[in-house]
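All remarks here apply to the structure that follows.
Derivation of every value follows stated rules applied to the coordinates shown; laboratory data play no part. Fair warning: this is a prediction, and the values are worked out from it, not measured in the lab. All Cβ positions, glycine included, derive from the backbone under ideal geometry; neighbour counts span all protein chains shown.
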Amino acid sequence: MLRQVKQALLLFTAMSILTGVVYPLAITGIAQVVFPRQANGSLIYRNGQPVGSELIGQGFTDPKYFWCRPSATSPVAYNAAASGGSNLGPTNPELLKAVWGRIAALRAADPTNESPIPVDLVTSSGSGLDPHISPAAAEFQVARVAGARGLDVETVRQAVARHTASRTLGLLGEPRVNVVELNLDLDDLQR
């Protein structure tokens, strides 16, 4: 029996080193060589300082900014360490309360906009971190952002168009607008 325990401990130690040290180091090394930007978070820099990521939304609430999809992470919004959906089902009263609260916030930020609110502005994504919104959600916000920034609506629409990505490989996903990059671009336009 002592022989079997030794073999089990030896196998456990070998597999722990292989799967807990060697494999993660190898994958990290490959990622750093093949996809260094993505492996380091796809960070966006301004004046040599990181100001965001192309992959993680931010909690914009000022009317002069386009707003991301709501975050499902808690206790801090857009916390990548807490990524995951809200797990609130469509009949859950808490989900309905949150959606109505988001609708009220959008209407309060732009009381003259009577257009239907796109669903991605009031519901979070599967990860709770999505930095993208639909072109319809961006269009819903164009007039508010243009007014708050003192810009022409067409100038803001052109900025949205510059940051609208089409389907990946022409067939995967949906057209999307990266809100973080769009807001940074608009800030740069006003400098």
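Counting only GluC sites (Glu not before Pro) that are in a DSSP loop and have at most 16 other C-beta atoms within 10 Å, tell me the longest site-free stretch of the chain. Spell out each step's value before the answer.
Values: sites that count: Glu54, Glu114.
Result, exposed sites excluded: 115-191.
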Mean ellipticity per residue at 222 nm, deg cm²/dmol - from DSSP H runs of n ≥ 4 across the chain, formula -39500 (n - 2.57)
-14000 deg cm²/dmol
In terms of the Cα gyration tensor, with a ≥ b ≥ c the square roots of its eigenvalues, is the stretch 16-112 rounded because a/c is under 1.5, prolate because a/b exceeds b/c, or oblate?
oblate
